[in-house]
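The values are calculated or read from the model by the stated rules, or taken from the named source; none is laboratory data. Quick caveat, the model's predicted, so the values are computed rather than measured. Glycine also receives a Cβ, built like all others from the backbone with ideal geometry; neighbour counts cover every protein chain displayed.
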Amino acid sequence: MNQESFEPRLVGFLCNWCSYTGADLAGTARMTYAPNVRIIRVMCTGRVDPQFVLKAFREGADGVLISGCHPGDCHYQEGNYKALRRHRLLTRLLEQFGIEKERFRLEWVSASEGAKFQQVCNELTERIRKLGPLNFGGNGGGRHV
Amino acid sequence: MSDPKPKVAFYWCSSCGGCEESIVDLGEDILKVVAAVDIVYWPVALDFKKKDLEAMPDGSIAVAFINGSIRMSEQEEMAHLLRRKSQLVVAHGACAHLGGVPGLANFWNKETIFRTVYHTTVSTANPGGAEPQPETVLDGKTLTLPEFWDTVCPLNAVIEVDYYLPGCAPHRDLIMSAVTAILEGKLPPKGSVLAPNTSCCDECSRNKTKPEKLVIKEIKRPYEVIFDPEKCFLAQGLICMGPATRGGCGERCIEGNMPCRGCMGPTDQVHDQGAKFLSALASILEANDEKEIDRIVGSIDDPAGTFYRFSLPSSLLRRKKMEAVR
């Protein structure tokens, strides 16, 4: 796949209460933005098991977005803080596997921030388009003699 | 006439020899095992050759215990041969089960490992720059060596495995109950790990000292502190893999006042031990401020190597991205 025809495949875990509603708002307000993020709705960013992120990368995602309520606004008090701590530690771990930190992004998007969701999707897509495909899926299963 | 005693084979692949030791550690119980079975192949202890194994009819061995991970072509070949000759194959120990400590080499590849081992270490004197080759022609004759791979695999990546005996090395009680179950034909469903499906914390003698709300403000490394011999290691700020690790190990590390390193692998519900431990550890760090989080997270030395100490080749990502290895 050459660089010009490369369309980043991105997976976005969005919390039910803020970011998913924010993404919905971007849609109902007919904002246009990069369609590269495949959205998965979760009840809270605290529900995003690091295994989900690793699996997304292994199955061919070029980037992963986790988006939730702003600090202090979590529907479950502190799920987003847990997500923040996991994101920081997981970013370090991913770098040890050769996955650049730009490919794993955490954002706070509230239910009223449709425009911010639009901007996050556009920015992330462009950044990863520049980085190129990750191609982790074909990695390591074989023995690379 | 055929021997009525079931035939058993032991083999080692990429391992340290500790699993062989775990058989000898059965102590007097090994006499019961030897009385009940006929050991037909065990390179570390008995003088049988590969051709003896090849001469046995397919499926004539009741059970083969294979330890060690798969790192070279020879190990894959032997694993296939033993699979063909055996009715049951048991992955014996953490390396065969998950990839084990040798699996940490998956953060590198053949080229970088050879560069270090044959060229750049201070103690290496290799003026000709020689490296092992799969084939070398010498005086018109071809000499061969096994091929060294870029990636270490657990046993189940190359052959079908019937049961897993976890641990580094497996506890003698687990080995004895596995052998007894095989001899009596009372085996759990194929593919089972022959150990309890509960976490290490579940049986830990220090569990009762765990505070109601477990939080960590500072991560400490073992050399930095004198361990309290009774208190939960996580409550002391020490990385203990117990919450993400299967129990049944006999708590030998804990009894020796050392935190769990995770050799038993994850429980059945978990795919990726390292990710699950990362999740648990991050959630108990006491910090909500980004700078403070970065400081604590930054103080963890080598998170991937620590969380995947025994399970990298069987983790979701399995290895470092090949193109990123330098």
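Structure summary
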read-out	value
Selected residue [more than 14 Å from every other protein chain (Cβ to nearest Cβ) and modelled with pLDDT under 95] from B:GLY18, B:GLY27, B:GLY68	B:GLY27
Qualifying positions in segment A:59-87 - buried (at least 19 other Cβ atoms within 10 Å of the Cβ) and within 8 Å of another protein chain (Cβ to nearest Cβ)	A:TYR81, A:LYS82, A:LEU84, A:ARG85, A:ARG86
Single unsatisfied condition, B:TYR308 versus (1) within 8 Å of another protein chain (Cβ to nearest Cβ); (2) within 18 Å of A:LEU94 (Cβ to Cβ)	(1)
Unmet requirement for B:PRO313, which otherwise passes all of (1) out of contact with any Cys (no Cβ under 8 Å at 6 or more places or on another chain); (2) within 14 Å of chain A (Cβ to nearest Cβ)	(1)
Test for B:PRO266: is it surrounded by 19 or more Cβ atoms within 10 Å (Cβ to Cβ), assigned to a helix (DSSP H, G or I), more than 7 Å from chain A (Cβ to nearest Cβ) and not polar (S, T, N, Q)	no
Residue list for segment A:92-140, filter: among the hydrophobic types (A, V, I, L, M, F, W, C), within 14 Å of chain B (Cβ to nearest Cβ) and farther than 16 Å from A:VAL11 by Cβ	A:LEU93, A:PHE97, A:TRP108
Within segment B:145-171, considering residues that are closer than 19 Å to B:LEU187 by Cβ and among the charged types (D, E, K, R), the one surrounded by the fewest Cβ atoms within 10 Å (Cβ to Cβ)	B:GLU160
Some residue of segment B:75-91 being under 26 Å from the mean Cα position of the chain (by Cα), buried (at least 22 other Cβ atoms within 10 Å of the Cβ) and of a type in the set (Val, Ile, Thr)	yes
Residue within segment A:22-34 that is more than 28 Å from B:ALA244 (Cα to Cα), in contact with a Leu (Cβ under 9 Å, 6 or more places away or on another chain), in a loop (DSSP other than H, G, I, E, B) and touching a residue at least 24 places away in the same chain (Cβ under 8 Å) present	yes
Segment A:6-30, residues that are over 27 Å from A:PRO133 (Cβ atoms) and touching a helix residue (DSSP H, G or I) at 6+ places or on another chain (Cβ under 6 Å)	A:CYS15, A:GLY22, A:LEU25, A:ALA29
The lone exception for B:ASN288 - which of (1) within 8 Å of another protein chain (Cβ to nearest Cβ); (2) surrounded by fewer than 20 Cβ atoms within 10 Å (Cβ to Cβ); (3) more than 18 Å from B:GLU218 (Cα to Cα) it fails	(3)
Residue that is more than 11 Å from chain A (Cβ to nearest Cβ) and free of Cβ contacts under 8 Å to residues at least 24 places away in the same chain, where the choices are B:ILE226, B:ILE239	B:ILE226
Residue match in segment B:147-158 (condition: of a type in the set (Ser, Thr, Tyr) and touching a residue at least 60 places away in the same chain (Cβ under 8 Å))	yes
Among (1) among the basic types (Lys, Arg); (2) outside any helix (DSSP H, G or I); (3) modelled with pLDDT of 95 or more - the single one A:ARG92 does not satisfy	(2)
Filter result (out of contact with any helix residue (DSSP H, G or I) (no Cβ under 7 Å at 6 or more places or on another chain), surrounded by fewer than 19 Cβ atoms within 10 Å (Cβ to Cβ) and either over 22 Å from A:HIS75 (Cα atoms) or among the aliphatic types (A, V, I, L, M) (or both)) within segment A:33-54	A:PRO35, A:ARG38, A:ILE40, A:MET43
